[in-house]
Structures are given as structure tokens and as C-alpha cells.
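Okay, so here's the structure we're looking at.
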Amino acid sequence: MPLEAFERFAATVFGGGDVEVSLRLEPDDLGRARLTGSCGLRAEIVCSLCGCEVEVPVECALDFRLVASEAQAQTLMPDLETVVASEERVSVVALVEDDLLLSLPEAGCDDRVRCENWCENWAEERPGVASREPERTSPFAVLGNWKPRERDN
């Protein structure tokens, strides 16, 4: 499916392309509608560590029950994931977009400790961007300015 079909997800990533979606609908052991499958793509996001656009895989596995009402969903949760499909037709986008959004990585670069795009002079090379390491001050530093009052005897 084209990335643009997933309006909310497309707004969080760069580029275009297609989202590979594979779904299977079948009854579970108790006769409930069970949807299984996967979806994914390679997308460009802004790395929260270095601020660069990086390409990352976004993949998610799907396994949930389609139910007709919120009341039915409440009876199955938290043991099973559910999607309320109160209409006869439900779009694929409605079924998988939330899972795609939840599958976006927190940081674009794999190494959270040392990002591949990080450099020693990162703050100087990117004017207006704060340094990755905040300046550390002691919470007791303010006490250095404190002077005891002289007491009247």
C-alpha cells in the first residue's frame, strides 16, 4: 500500500514508498475473528540522538481479534488485543496504522550510547542545537551563596 494512505504515519516519516502489508483473517479456537500478519517498510526519520535523517526499518507483527463493540473488547482485554470493527467494512489503514506508529524506533541510530552521526564538536557544527550532554550542576550549589544570619543575643 502507498505510504500516503497512512496519513498519520506518513506525517511522522520522510520520503515515500510502499508499506508492505500481509494479513490473514481466520477464526480462532473459539470462533472469534482473528487477524494476524505483519506490516513494515524502510523509512527515514530524524534521529533523536544526532538530529540527522536516518533510514530505519519499521516493522510490526499483528495479532488481534476483531470485535463488534467496546463491550466485547472489554471482555477480552487485557488477555487479547482487540480492534472494534463495528462496520461491515474496515479499512486496512484503520487496522494497522496505530501499530505502525507504535513501531517507530525511539532513536534513529542503532547505538544509543554513541550515535554513528555524533561527533565531538556536534554543538558547534549545528548552530542553535543544544549539546547532547546537559551541563551538570550540583543541586547543593545554591547553598554556596547562603550566609547565616547573625543572631542578636
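The values are calculated or read from the model by the stated rules, or taken from the named source; none is laboratory data. Source: prediction; values computed, not measured. Here the Cβ is made from the backbone with ideal geometry for all residues, glycine too, and neighbour counts use every protein chain on show. Only protein heavy atoms, including side chains, enter the accessible area calculation; ligands, DNA and RNA are left aside. Shrake-Rupley method; radii C 1.70, N 1.55, O 1.52, S 1.80 Å.
Any chance you could count how many residues in segment 1-28 are of a type in the set (S, T, Y) and assigned to a strand (DSSP E or B)?
Selection size over segment 1-28: 1.
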Filtering segment 83-113 for residues that are farther than 27 Å from A43 by Cβ and either in contact (Cβ under 8 Å) with a residue 60 or more places away in the chain or of a type in the set (V, I, T) (or both) leaves a count of 1
In segment 60-97, what residues are within 15 Å of the chain's Cα centre (by Cα) and either exposed (fewer than 14 other Cβ atoms within 10 Å of the Cβ) or small (G, A, S) (or both)? A61
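Looking at C115, C109 in this structure, which one is surrounded by 14 or more Cβ atoms within 10 Å (Cβ to Cβ), at pLDDT below 90 and touching an Asp or Glu at 6+ places or on another chain (Cβ under 6 Å)?
Working: C115 fails: touching an Asp or Glu at 6+ places or on another chain (Cβ under 6 Å).
Just a single option satisfies the conditions, and that option is C109.
Would you mind stating whether G16 is exposed (fewer than 13 other Cβ atoms within 10 Å of the Cβ) and either among the aromatic types (F, W, Y) or on the phi < 0 side of the Ramachandran plot (or both)? Steps first, please.
On the way: exposed (fewer than 13 other Cβ atoms within 10 Å of the Cβ): yes; either among the aromatic types (F, W, Y) or on the phi < 0 side of the Ramachandran plot (or both): yes.
Spelling it out, G16 is indeed exposed (fewer than 13 other Cβ atoms within 10 Å of the Cβ) and either among the aromatic types (F, W, Y) or on the phi < 0 side of the Ramachandran plot (or both).
If you scan segment 19-28, which residues turn out to be open to solvent by less than 30 Å² (accessible area, probe 1.4 Å) and under 21 Å from the mean Cα position of the chain (by Cα)?
Applying the first criterion (open to solvent by less than 30 Å² (accessible area, probe 1.4 Å)) to segment 19-28 yields 19, 28.
V19, the sole residue that qualifies.
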Mind telling me which of the residues G37, G31, G51 ends up being assigned to a strand (DSSP E or B), of a type outside the set (S, T, N, Q), open to solvent by 20 Å² or more (accessible area, probe 1.4 Å) and out of contact with any Phe, Trp or Tyr (no Cβ under 8 Å at 6 or more places or on another chain)? G37
Result of the Cβ filter at 6 Å on segment 49-61, keeping first residues that are closer than 29 Å to E81 by Cβ and partners that are acidic (D, E) and assigned to a strand (DSSP E or B), at least 6 apart or interchain, is E55/E44
